[in-house]
1. Quick test of your reading of the structure: T115 fulfils all but one of (1) within 27 Å of M1 (Cα to Cα); (2) under 17 Å from the mean Cα position of the chain (by Cα); (3) modelled with pLDDT of 95 or more. Name the failing condition by number.
2. Starting from the stretch 124-149, keep only residues that are without any contact (Cβ under 8 Å) to a residue 40 or more places away in the chain, then list their pairs with residues that are assigned to a loop (DSSP other than H, G, I, E, B) and among the basic types (K, R) whose Cβ atoms are within a distance under 9 Å, requiring at least 6 positions of separation or different chains.
3. Considering every residue within the stretch 161-169, establish whether at least one is in a helix (DSSP H, G or I), farther than 21 Å from L85 by Cα and touching a residue at least 24 places away in the same chain (Cβ under 8 Å).
4. Please go through the stretch 132-159 and pick out each residue that is within 17 Å of the chain's Cα centre (by Cα), within 25 Å of Y192 (Cβ to Cβ) and part of a helix (DSSP H, G or I).
5. Only one residue in G138, G124, G149, G142 is of a type outside the set (D, E) and in contact with a His (Cβ under 9 Å, 6 or more places away or on another chain), so which one is that?
6. Report, by residue number, each residue of the stretch 85-133 that is within 10 Å of T38 (Cβ to Cβ) and in contact with a strand residue (DSSP E or B) (Cβ under 8 Å, 6 or more places away or on another chain).
7. Condition first: surrounded by 14 or more Cβ atoms within 10 Å (Cβ to Cβ) and in contact (Cβ under 8 Å) with a residue 40 or more places away in the chain. Now tell me which residues in the stretch 2-36 satisfy that.
8. Pick from the stretch 61-78 the residues that are in a strand (DSSP E or B) and over 17 Å from the mean Cα position of the chain (by Cα): which of them is farthest from F105 (Cα to Cα)?
Amino acid sequence: MLTGPRSALIDAGVGDPGHLDAIERALAGGPLDLVLVTHGHVDHASGVAELSRRWPRAIVRGGPGMPLRDGEAFEAGSTRLRAVLTPGHAPDHFCFLDESTRDLFSGDLVRIGGTVVIPASRGGDLRQYLESLERVRGLRPGRLLPGHGPVIEDPPAIIDEYLEHRRLRERQVIAALEAGCRTPAEIVARVYPGLPPSLIAAAEDTVLAHLQKLRHH
C-alpha cells in the first residue's frame, strides 16, 4: 500500500474482507486511487471486483483491468512507479520499479524460501522467465518486494540463485530424457523423488516448461 497524494495498491488479493478492512485503515478515510496488478493469477487479481465495489473510483491497471504497457509510469503514493514487463511466470507479468528508491514490486518473479512455478499449461514460458530475471538484474534494484514472503534485500544474489537453479534443473531434465523418460510425469518421478503429492502437478507443469524450452533451443 502506497499512501500519499495518489494512494495506490499493488495487487488486488482475493477480496478477503480482512484485507479490504486493512486497506481502509491504511487509507485513513481517504480514497483508493489506483490498483496496479502484477499479473492475472487469481491470488493477485481476483480481488479486483471487491475493491471496485468498495472504491468504485479506483483505476485498475494490469491483470483483468486495462492492459499495462512496458515502461509506462504511474504517480503512486508520493513516488513514481515504472511498469517493467517480465513475462514467464505468466504472459502478462509486470514488476513496478520505484524510480526514487529503486525498490521493485516484483509480484511472482522470485521469493525467499522456494522457487517459482512456470505453469506451461497456463501460458508460462521458461525462456521468457529467464530473460525477465536477467532484465531485472540489469535494473539493479535496491530491494525486491515480492507478492509472497519477506522483502529481498540482496536482489543479485537471489536472482543468480534462481538462474543457477534453472540451469541445474535443465541438466537434470536432459539426463532423465537420456535415461529413457518420455513424459513430464516420468521426469518428475526421477528428478523430484519423494515429492509430496500436492506438489506433483506443479512440478509436472514446470518440467513441461523445460521441455518446451529445450524443443525451441
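The values are calculated or read from the model by the stated rules, or taken from the named source; none is laboratory data. Nothing here was measured: the structure is a model prediction, and the numbers come from that model. Every residue, glycine as well, gets a Cβ built from its backbone with ideal geometry; the counts of neighbours run over all protein chains shown.
1. T115 satisfies all of (1) within 27 Å of M1 (Cα to Cα); (2) under 17 Å from the mean Cα position of the chain (by Cα); (3) modelled with pLDDT of 95 or more except (3).
2. Going by the 9 Å Cβ cut-off, the qualifying pairs are R140/R102; G149/R111.
3. Within the stretch 161-169, one or more residues are in a helix (DSSP H, G or I), farther than 21 Å from L85 by Cα and touching a residue at least 24 places away in the same chain (Cβ under 8 Å).
4. Result: S132, L133, I158, I159.
5. Working: G138 fails: in contact with a His (Cβ under 9 Å, 6 or more places away or on another chain); G149 fails: in contact with a His (Cβ under 9 Å, 6 or more places away or on another chain); G142 fails: in contact with a His (Cβ under 9 Å, 6 or more places away or on another chain).
Going through G138, G124, G149, G142 in turn, the sole match is G124.
6. Just the residues of the stretch 85-133 that are within 10 Å of T38 (Cβ to Cβ), to begin with: 86, 89-90, 92-96, 105-109.
Result: T86, H89, H93, F94, C95, F96, F105, S106, G107, D108, L109.
7. L2, T3, R6, S7, A8, L9, I10, D11, A12, L34, L36
8. From the stretch 61-78, those in a strand (DSSP E or B) are 61, 66, 73-77; that's our starting set.
After this cut, where a residue has to be over 17 Å from the mean Cα position of the chain (by Cα) as well, the list is 66, 73-77.
Working: M66: 19, A73: 14, F74: 13, E75: 15, A76: 12, G77: 14 Å.
Ranking the qualifying residues of the stretch 61-78, first place goes to M66.
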